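FYI, it's all coordinate maths here, none of it is from the lab. Predicted model, so just to flag it, every value in this text is computed and none were measured. Every residue, glycine among them, receives a Cβ derived from its backbone with ideal geometry; neighbour counts consider all protein chains shown.
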Amino acid sequence: MNKYLKVLISVFGAIITLVIVFFLGVAVFMNTLDLQPGLDVIATGISTLLFSLLISYFFRKTKIYSKSILVLSIITCSFLIFKASIKYKMVNEVKPVIEWSNTNHKQTIPFFVTKTGHIFLKTNINSEENYMMFDTGMDITALHEKFNGFKAIDTLNITSSQARKQDVAIHKLDSLSLGALSLKKLGYGAMSRKAWENCGIFANKDSIIGLLGNNVINNFVWDFDMINQEITIQENPFINDSIPNKKVIPLRRKGMGWIVDVKLNGKKKRVKLDSGSNSILNLTDSIQLAKTYAYFIKKSQSKGVFSYLDCSGKEGVKAGSNVSKNHQKRSVFVNLEIGETLYKDAYVIDKSTSNLLGVPLFWEYERVVLDFISKKMHLINPVQKSNSHQISIKSKVELQMTKYNAIKQAGYYEMHYKKPVVIKTKSKASQDTLIFNFKGKTRIFASIDMNYSTKEIKVVVDSILGKGFVLNTKTGKSTKHNKKIQLSLNENTPLNEKDMTNKL
């Protein structure tokens, strides 16, 4: 019995050791080094095997443990190399052959913007002019299935921005042109024609034929002039030594996509750069907030490649109710820092399905250069004239609408004040001046004053309910309220207008 127990302990120890070694290999080769997709997994498998051989050698006297590590590592390495070789082959199969009709391998063409702020490029396929969305969140270019002229070369399991997975047939396209740039033998994922119907991503938009993905995007430098809405495409790295007022943000490769470092309330977070998302920021985890707004949560209106598969149109649900994870997305407001630029009360969706930094970042600047050759993003000159697509404006509007919708549905909204909000008023009985300090979770009751002629919406605060203390400035007496105290407001009560009233 002791002999079998010893064997089990040794095998269990070998498994734990291999797991640790494997994640060490992942940390070294997949996160630290910027290897091409497929090669990173192969490197991880080989490093795991080498580390295991070293451990086996040091513990060669403990034969069961040593041999268990060796056998498990060989199996793991073989499996990883097999899977990675398939992925590596696929990456190279979908990579296009690049041809230019000019000699400098550079061109400037216009881009087009929808009401959502997404960027589209005019393309030519089989002498037919259409539009494609510039989408850094899509690993592979996706086109309408009507272009499927030949038998599929393979099948690829694609994950959308809504974390929905689907097997997609991979086809080859003879040629796709962007002005002077031709992409020959381009591998693409065939999108079902249902994506152009009902609640699909391109519902009733026949002029759009798909998404320009990273198997094309990663081969070039994309220089966006956000003011004149032009884009310069080139193969050579971007040189910016003489450009003032710029910020350079490193891009880290993950698979075929790109990762950006941001800060949320001072804490670092890695998110995927996704120009196909018009949300400011989506996060999978729940943010620990200094200030939050409680209100009815609606199901996300964003659409993914496979949104046509989920056209149930269910109503929004209230926070905290017993619903599925996909319906638990929260819209919150945080301090978001990107490239040393701080956006206060930035509108963020947490408890989401993916970590995505969207296209509103582009609209904060006059010029954005995505240099995938040098793995850098250049943000040049903050915009002087605001627009509805940028982070700051979208956040302001969403904050106002958040309060408006909460009041409309429940008659109040809730805020959590890390620092006290101070309200000065007078006692009706004694006419003494009182100062109310509310801190922590505070419920704000309000009404909506709407001017239909000017389309102006004003939030009028009626009363505030929360914990804090009251100071009588005449007597100097201070009363702390551990239980909630409600303050009714009137026209003569001075308010902190920045915190308490909003106009849309």
Pair Thr232, Asn148: separation of 7 Å Cα→Cβ label points (nm): 4.1
Whole-Å distance, taken between Cα centres, linking the range 142-210 and the range 99-115: 21
Cα shape, the range 100-210, gyration tensor, a/c 1.5 rule: oblate
Compactness of the range 91-137 - radius of gyration and Dmax, Cα, Å: 13.3, 36
Anisotropy class of the range 334-394 from Cα gyration tensor, a/c 1.5 cut: oblate
Fully extended contour minus Cα-Cα distance, from Lys165 to Asn472, at 0.36 nm per residue: 104.4 nm
Highest-first arrangement of 9-16, 280-287, where packing means the average Cβ count within 10 Å: 280-287, 9-16
Taking the range 321-413 and dividing mean pair separation by its residue count, relative contact order in percent (alpha carbons under 8 Å, at least six apart): 22
Nonlocal amide H pairs with Asp462, under 5 Å, H built at 1.01 Å: Phe445, Ala446, Ser447
Computed lengthening from Asp462 to Glu197, 0.36 nm per intervening residue step minus Cα-Cα distance: 90.8 nm
Relative packing of peptides 362-375, 134-147, 471-484 - highest average C-beta neighbours within 10 Å first: 134-147, 362-375, 471-484
Inter-site label distance for Thr433 and Gln384 at 7 Å from Cα along Cβ, in nm: 4.4
Potential lengthening between Asn265 and Met450 on full extension [0.36 nm per residue; Cα-Cα distance subtracted]: 63.2 nm
Trypsin sites (Lys or Arg not before Pro) restricted to DSSP loop in the range 421-472 with at most 11 other C-beta within 10 Å: Lys428, Lys455
